[in-house]
Amino acid sequence: MQTIFNTIKEIAIKIDFAIKTEDLGYSDSSNSSGEEQLKLDVKSDYIIEEAFKDVSLVKDLISEEKEGVLSLHKEGKYTICYDPLDGSSLADVNLSVGSIFGIYEGEPKGENLVASAYVVYGPRIELMTALKDERPKLYRAQEGLFNFIREVTLNEKGKLNAPGGTQQHWCDYHKTFIDDLFAEGYRLRYSGGMVPDLHQILLKGGGIFSYPGTSDVPNGKLRQLFEVIPFAFMYEQAGGQALNNKGLRLMELVPSHPHDTSPCFFGSNYEIEAMKEAYGVKH
Ligand code: AHM
Ligand code: MG
């Protein structure tokens, strides 16, 4: 797995350079979710594909920016599902963006995820990696090298609330849940990039990030294989929880299509218990 994490470090340096130097405009194409692709989405996807072509452990790649599966090495052990540049539409306003990687052994589904990683491209480049039975590890880049900073543990209760989705389309009990958190003193933190938003909650000790199903997008917006399951693993390894609207662990999701989405809630224990109460899924 260290080989894969080392490749992700090389990728991170290259994508960061592309963000800082390349055209921020649109390409001529759109992705499988029907979203227009930025030139940076296409470039980041290419950087990742090229990097993993040299890693024989990697059997298949599944990208948010590609329709199907890209087979790399027949004898490889892992399928890597990735979002090359999450939140890329924030690059032109100079907010932080990220890359997300889910590493699956066998069929790509929640229970087969064995490791995950994400990179934050902000004022500095940071990398978080997670493996089973370990706390997530934070690294920060300096002169092209990643230095280990610390292990990350969530507190039982936090102070931050990052509520995604269009409020106009929230159902009543979701609105009540979010309003109640603010009434309790939670502070709003939402940039529109799930990588920096979830990263902030992890590093500041806790809170909740939600992207619910809404009347316009009943299954939410965030994609299971590249976004939801990798972060669910991070949050569980950090001592928090990650559930869907039915109270099911996101780590149990089984997508029927690589680009399937899911409503999702990531947080420390107190806020997730409050969500279960509000959604009537407390068992
Ligand atoms: P992307 O993969 O097309 O960049 O979309 C994912 C992003 C997440 O980073 C973020 O949490 C969400 O979309 C924001 O959506 P919204 O603008 O609906 O709040
Ligand atoms: Mg994304």
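Scanning the stretch 121-148 for residues that are farther than 22 Å from residue 225 by Cα and either open to solvent by 70 Å² or more (accessible area, probe 1.4 Å) or charged (D, E, K, R) (or both) turns up 123, 124, 140, 142, 143, 145, 148.
Report yes if residue 58 is farther than 14 Å from residue 103 by Cβ and either assigned by TED's automatic domain parsing to the domain that holds residue 118 or in contact with a Lys or Arg (Cβ under 7 Å, 6 or more places away or on another chain) (or both), otherwise no. Against the criterion (farther than 14 Å from residue 103 by Cβ and either assigned by TED's automatic domain parsing to the domain that holds residue 118 or in contact with a Lys or Arg (Cβ under 7 Å, 6 or more places away or on another chain) (or both)), residue 58 does not qualify. Just one of (1) touching a Gly at 6+ places or on another chain (Cβ under 6 Å); (2) within 13 Å of ligand 1 (Cβ to nearest atom) fails for residue 154. It is (2). Where helices (runs of 4 or more DSSP H) fall wholly inside the stretch 168-265, the ranges with 2 or more residues that are away from ligand 1 (no atom under 16 Å from the Cβ) and not assigned by TED's automatic domain parsing to the domain that holds residue 78 are 172-183, 229-237. The residues listed here are 240, 267, 247, 213; of these, the one that is among the small types (Gly, Ala, Ser) and either free of Cβ contacts under 8 Å to residues at least 12 places away in the same chain or in contact with a Ser or Thr (Cβ under 6 Å, 6 or more places away or on another chain) (or both) is 240. Among residues that are buried (at least 22 other Cβ atoms within 10 Å of the Cβ) and in contact with a Ser or Thr (Cβ under 8 Å, 6 or more places away or on another chain), residue 118 is included. When residues in the stretch 89-100 are screened for being more than 17 Å from residue 253 (Cβ to Cβ) and either basic (Lys, Arg) or crowded, with 24+ Cβ neighbours inside 10 Å (or both), 3 of them pass. The set of residues in the stretch 33-85 that are open to solvent by 20 Å² or more (accessible area, probe 1.4 Å), assigned to a loop (DSSP other than H, G, I, E, B) and of a type in the set (A, V, I, L, M) comprises 57, 72. For the stretch 196-228, what are the residues that are basic (Lys, Arg) and away from ligand 2 (no atom under 16 Å from the Cβ)? Within the stretch 196-228, just 204 meets the criteria.
The values are calculated or read from the model by the stated rules, or taken from the named source; none is laboratory data. These numbers were taken from a predicted model, which means no experiment stands behind them. Cβ atoms come from the backbone with ideal geometry, glycine included; neighbour counts cover every protein chain shown. Note: accessible area is taken over every heavy atom of the protein model, side chains too, but ligands, DNA and RNA are not part of it. Shrake-Rupley method; radii C 1.70, N 1.55, O 1.52, S 1.80 Å.
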